[in-house]
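Q: Submitted below is the structure of interest, expressed as structure tokens.
The values are calculated or read from the model by the stated rules, or taken from the named source; none is laboratory data. None of the values given here were measured: they were computed from a predicted structure. For neighbour counting, all protein chains shown are included, and Cβ atoms are generated from backbone atoms with ideal geometry for every residue, glycine included. Note: areas computed on protein heavy atoms with side chains; ligands, DNA, RNA excluded. Shrake-Rupley method; radii C 1.70, N 1.55, O 1.52, S 1.80 Å.
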Amino acid sequence: MVRLTQSSLLSTLRHDVPASIVVFLVAVPLSLGVAMASGAPLASGLIAAVVGGVVAGALGGSAVQVSGPAAGLSLVVADLVQTYGWRATCMITLLAGAVQLLLGVFRAARAALAVSPAVVHGMLAGVGVVIALSQLHVVLGGSPQRSALANIIELPGQLVDPHGHKIAVGMLTIGVLALWLRLPKQVKVVPAPLAALLVAAVTAWAFGWDVTRIDLSGAFTEWTFPVLPQGDWHMVVAAVLLVALLAGVESLLCSVAVDSMHTGPRADLDQELTGQGVANMVSGALGGLPLAGVIVRSTTNARAGARSRASTILHGVWVLVFAIGFGWSIQLIPVEALAALLVFIGVQMVNLGHIRKVHGHGEVPVYIVTMAAVILLGLAEGVLFGLALAALMALRRLTGVTVRTRQQPDGRYHATISGSLTFLGVPRLTQELRAIPAGAPVDLDLNIDFMDNAAFEAIHAWRLDHERLGGTVDIDELHDEWYAMAASGVRMYPAKTLSSGPDRSWLPWAHRRSRASQRVEPPHGTPGQADCRLTEGAREFHRRTAPLVRPIFTELARKQQPTHLFITCADSRIMPSLITASGPGDLFTVRNIGNLVPRRGTEPHDDSMGAAIEYATQVLGVHTITVCGHSGCGAMAGLLSGGVKAGSLPAMRRWLRHGNHSLARFIETAGDRLDADALDLLCKVNVQQQLDNLRTYRKVDDQVRAGRLKLVGLYFDIGSARVHMLPPVSSSLSVKA
């Protein structure tokens, strides 16, 4: 236990302390900037940073997430300050924290992840635009207006009447921020916001520029006691819920994002939400801003090498020490420089990477609508518009249906219906199906995951009409058999039979229900039946499976790189890819009667197995050779009968001579026992003997001895569909040649 404590202490000193200092340097200017954008006392940003570090860091469920005043909440706070005043806003923050605490206790954190990321990214982008527009007026020496639209209208007037020194210090700040992104890593150890504010403050002081200074007089000595908001209590409750939900969702999404940046324990989202709730209660009680998990600080913390919550807690301590001992230095920062920092941050919140991500999922309209509504109407309205549009688009996808029809060279029509078939898709469905000429033969594929009664009635009525007019309709359902069950009167739930599921290609032909079984076939056992099933199977592969696996085979077409040589019996009941859950390109497979590996140089001479072994080990470089036997093997039955069961099959009798060593090992193992289990015992012994036979090949033996090749024995019990591992039996049969 002492060693563990010492190890944790050393890790904190080595990793967490340096990371906490880096985060502290980022947190101070950002906290001041968010407070300024929120229209709150600047000290409230530092208070929220301290509480976010110490309280949320100690009680939260994320290892490296850093909480503090978030730019995404600045619009809400600014509106609350203008409506209710600062002290009442602190009470709303406190109550919002209580709501978060309750949600965390009742384990509701996962529900927040149901919010579309397009809404969240659009909201943050809109907030960024609003912040940039409002603070641009401060950079130009004016005052921000109450809305983004008003800021846009007033902007030309600000540009006509510039204020020289104030614009200069703002442009200098933005220039340093932009330049810092292109400097070497050694220089960027100093965070860009801190460097920009230092350069702006020193330059303004050195040249005696006429700029506005930050006023913190009495900020850390006077406690702002929260008071209850006055006004319509419905609006107050709405404000509390809005702050709680926005801060909670931003924190939880940040936790999930930060989890991918470190190798420590994954975040406990319910605990994180509980910690955020307690921290917001404390921040509101002390006169601080609402806080949330902040992606900029959290990313900085993770990249700086933080390993535990100690870094987050320590960063809060450093902010507290700075505010108490060095708060006077903040007054040297020009307000215009702080506004320029906010303009830069606001522009960066319109993240092109987020736009590319949502574009890949077709959610750009949600992103744009949310952003535009936040800019023009407000944060709450923008989020509601975005959520409503996201829900409508999700509903459209769930109820969307795609109908494609084409005429094939043989005159048949092939129609594919995909999606969820509901009454909403019936008009388009009937329009497309009725466009097929009367009397034409039709292959109809239903690739659907749901069908309601209206859709079934539409398809069924069309089918009856089409067949009445002399046409034929063959329906094949690629997923659960919604149409077949509805037509037979069965309740419409997904089929759970062998013939259902997205892929039935592994089932025997006799267990599949497809168009092939519905058509007239030659009598059982005739050559025409096998040919019909094979050609029908090839057509089914082209229609159903080929489109799914084509990208894989396109890549495999360049070169085969299997990792296993798989030697098994030619028995029709053995499917290597099925019993090993392997896919195309995984197995280099050799099949023969009895899964025999002729020993090197034995008679009758056979080069087919030797060639496969050489190619697999020396050209393909496989890592494993597997010999797989099975129960009830006919070859082993012939071997056990002394060749009697081979009958008048001379080639078979000669081939079975390669199994004589297996028979000898079986006799040594079983003695004179010839009970009902003798055949299966010989099948298992045969697998182990073939592993020994592999060692007679010099290259195989060398690679096994060097540890570069592994020999594995498998035994497949057909009746129970179970695969058993058979360890090799050590022997002195390996040879050097």
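Q: Note down the nm distance, to one decimal, between modelled labels 7 Å out along Cα→Cβ at Ala394 and at Val17.
A: 4.8
Q: Tell me the per residue accessible area of segment 242-306 using a 1.4 Å probe; a whole number in Å² is fine.
A: With all protein chains present, segment 242-306 gives 31 Å² per residue.
Q: Does anyone have the angle between helix 364-376 and the longest principal axis of the chain? Alpha-carbon axes, 0 to 90°, nearest 10?
A: Helix 364-376 sits roughly 10 degrees off the main axis of the chain.
Q: At 1.4 Å probe size, with the rest of the protein present, what percent of the exposed accessible area of the chain is carbon and sulfur atoms? All intermediate terms of the calculation are to be shown ahead of the outcome.
A: Details: 22710 of 36250 Å².
In the chain, the share of accessible area belonging to carbon and sulfur is 63 percent.
Q: Test of understanding: what is the full-extension gain from Phe423 to Asp702, defined as 0.36 nm times their sequence separation minus their Cα-Cα distance?
A: 93.6 nm
Q: Next up: Evaluate E = 1/(1 + (r/R0)^6) for Asp410 and His605, where r is the Cβ-Cβ distance and R0 equals 51 Å; express this FRET efficiency to the nearest 0.05.
A: On the way: r = 50 Å, r/R0 = 0.98.
With R0 = 51 Å, the Cβ-Cβ based efficiency is 0.55.
Q: Still on this structure, I have one more. Using a 1.4 angstrom probe and counting only protein chains, how large is the accessible area of Thr430 in Å², to 10?
A: Estimated to the nearest 10 Å², Thr430 gives 40 Å².
Q: When you count, for each residue, the other Cβ atoms within 10 Å and take the mean per peptide, how do 168-179, 29-40 rank with the highest first?
A: Sorting 168-179, 29-40 by mean packing, highest first, produces 29-40, 168-179.
Q: Quick check: residue separation of Ala98 and His359 times 0.36 nm, minus the Cα distance between them. What number comes out in nm?
A: Contour length minus Cα-Cα distance gives 90.3 nm.
Q: Taking chymotrypsin sites (Phe, Trp or Tyr not before Pro) as exposed when DSSP calls them loop (any state but H, G, I, E, B) and at most 15 other Cβ atoms lie within 10 Å, what is the longest stretch of the chain free of them, the sites themselves excluded?
A: Between the exposed loop sites, the longest stretch runs 224-505.
Q: Can you work out ³J(HN,Hα) from phi for every residue in segment 268-279, in order, using Karplus 6.51 cos²θ - 1.76 cosθ + 1.60 and θ = phi - 60°, giving whole Hz and x for Gly and Pro?
A: 8, 5, 5, 5, 4, 5, 4, x, 5, x, 4, 5
Q: Summing Lys, Arg as +1 and Asp, Glu as -1, what charge do residues with Cβ under 11 Å from the Cβ of Leu73 carry, Leu73 excluded?
A: Values: positive: none; negative: Asp79, Glu250.
Every neighbour counted, the sum reads -2.
Q: Starting from the Cα of Leu469, step 7 Å toward the Cβ, then list every residue of segment 400-433 with an amide N under 15 Å from that point.
A: What the label zone holds, given the 15 Å backbone N cut-off, is 413, 430-433.
Q: Roughly how many whole Å is it from the C-alpha centroid of segment 29-102 to that of segment 135-213?
A: When both Cα centres are located, 24 Å separates them.
Q: With a 1.4 Å probe and all protein chains left in place, how much accessible area per residue does segment 138-218 have, in Å²?
A: 59
Q: Grab the Cα-Cα distance for Ser572 and Ser143, subtract it from 0.36 nm times how many residues apart they are, and report the gain in nm with one decimal. Could the numbers behind the result be given before it?
A: Numbers: separation 429, 0.36 × 429 = 154.44 nm, distance 8.32 nm.
That works out to 146.1 nm of additional length.
Q: For Ala306, what residues show an amide H to amide H distance below 5 Å, using hydrogens built from the backbone and excluding near sequence neighbours?
A: For Ala306, no residues qualify.
Q: Once label points are set 7 Å from the Cα along Cα→Cβ at both Thr83 and Arg539, what is their separation, rounded to one decimal in nm?
A: That separation, rounded to one decimal, is 6.7 nm.
Q: So, one more: Apply the Kirkwood formula to segment 34-182: the hydrodynamic radius equals the inverse of the mean of 1/r over all pairs of different alpha-carbon atoms; give it in Å with one decimal.
A: Across segment 34-182, the inverse of the average 1/r is 17.9 Å.
Q: Compute the signed sum of charges (Lys and Arg +1, Asp and Glu -1) over the other residues within less than 12 Å, Cβ to Cβ, of Val729.
A: Details: positive: Arg665, Lys684, Arg695; negative: Glu668, Asp692.
Once positives and negatives cancel, what remains is +1.
Q: Continuing with the same structure: Could you put Val364, Val23 in order of accessible surface area, largest first, with the 1.4 Å probe and the full protein assembly present?
A: So the residues, ranked largest to smallest area, are Val364, Val23.
Q: Averaging sequence separations of C-alpha pairs under 8 Å and six or more residues apart, then dividing by the length of the chain, give the relative contact order as a whole percent. Don't skip to the answer; put the middle values down first.
A: On the way: 1240 pairs, mean separation 104.6, N = 737.
14 percent.
Q: Going by amide H atoms built from the backbone, whose H comes under 5 Å of the H on Val442, apart from near neighbours?
A: Amide H neighbours of Val442, under 5 Å, 5+ apart: Tyr413, Thr472, Val473, Asp474.
Q: Could you give the nm distance between label points at Arg266 and Ala206, where each point is 7 Å from its Cα heading toward the beta carbon?
A: Distance between label points: 5.2 nm.
Q: OK, next. Under a point-charge model restricted to the Cβ atoms of Lys and Arg (+1) and Asp and Glu (-1), what is the dipole moment magnitude of the chain relative to its Cα centre, in debye to the nearest 20?
A: Dipole magnitude for the chain comes out near 1980 debye.
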